[in-house]
Amino acid sequence: MTTLERLRKHTHGISLLLSLSALILAGVSMHQASVVTFNKKALVGRFVGQLSTLSLSDEGLREKTAAFSAALTESVNDYAHSHHVLILEDKRVLAGSRDVTAVIARDVSRRMRGHHAH
């Protein structure tokens with residue numbers, strides 16, 4: 001199994017986790033939140049691209065993927081809560097919302113650096 005195939009296997013759960021988070025946030029704060037968008041596919045793709053350059057064992061891939069998934073979920077949830085917004089995938093919104101992908105990406109990177117320090 002190639003590194004890319006292993007990465008796809010490990011990152012499949014990220015989509016489900018973010019979708020569940022978005023649904024929970026939507027149910028809690030739909031009436032008071034504005035909508036922003038986030039390009040999850042691009043951020044996950046960048047993560048997979050970065051990992052594909054590394055020689056990691058299956059365990060190493062699991063650890064990095066789990067750390068990325070946690071950082072991404074926390075970042076999206078924290079941003080939504082602190083800015084009182086509902087974050088939707090950009091492909092689901094045709095127009096009229098602000099994209100926060102760069103902000104989320106910077107925060108995920110910061111969280112991942114913090115994870116490496118531990």
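What follows is calculated from the coordinates using simple rules that are stated; it is not laboratory data. Remember, it's a predicted structure, so these values are computed and weren't measured experimentally. Cβ coordinates were reconstructed from backbone atoms using ideal geometry, including for glycine residues, and neighbour counts include every protein chain displayed.
Details
- Matching residues in segment 96-118 - criterion: being outside any helix (DSSP H, G or I) and at negative phi: Ser97, Arg98, Asp99, Val100, His118
- Hits in segment 46-70 (condition: part of a helix (DSSP H, G or I) and either polar (S, T, N, Q) or closer than 13 Å to Val108 by Cβ (or both)): Arg46, Phe47, Gln50, Ser52, Lys64, Thr65, Ala67, Phe68, Ser69, Ala70
Condition check ((1) more than 15 Å from the chain's Cα centre (by Cα); (2) crowded, with 16+ Cβ neighbours inside 10 Å; (3) touching a residue at least 12 places away in the same chain (Cβ under 8 Å); (4) closer than 12 Å to Val36 by Cβ) across all residues:
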site: Phe47; (1), (2), (3), (4): no, yes, yes, no
site: Leu61; (1), (2), (3), (4): yes, yes, yes, no
site: Thr65; (1), (2), (3), (4): no, yes, yes, no
site: Ala71; (1), (2), (3), (4): no, yes, yes, no
site: Asn77; (1), (2), (3), (4): no, yes, yes, no
site: Val93; (1), (2), (3), (4): yes, no, yes, yes
site: Val100; (1), (2), (3), (4): no, yes, yes, yes
site: Val108; (1), (2), (3), (4): no, yes, yes, no
site: Met112; (1), (2), (3), (4): no, yes, yes, no
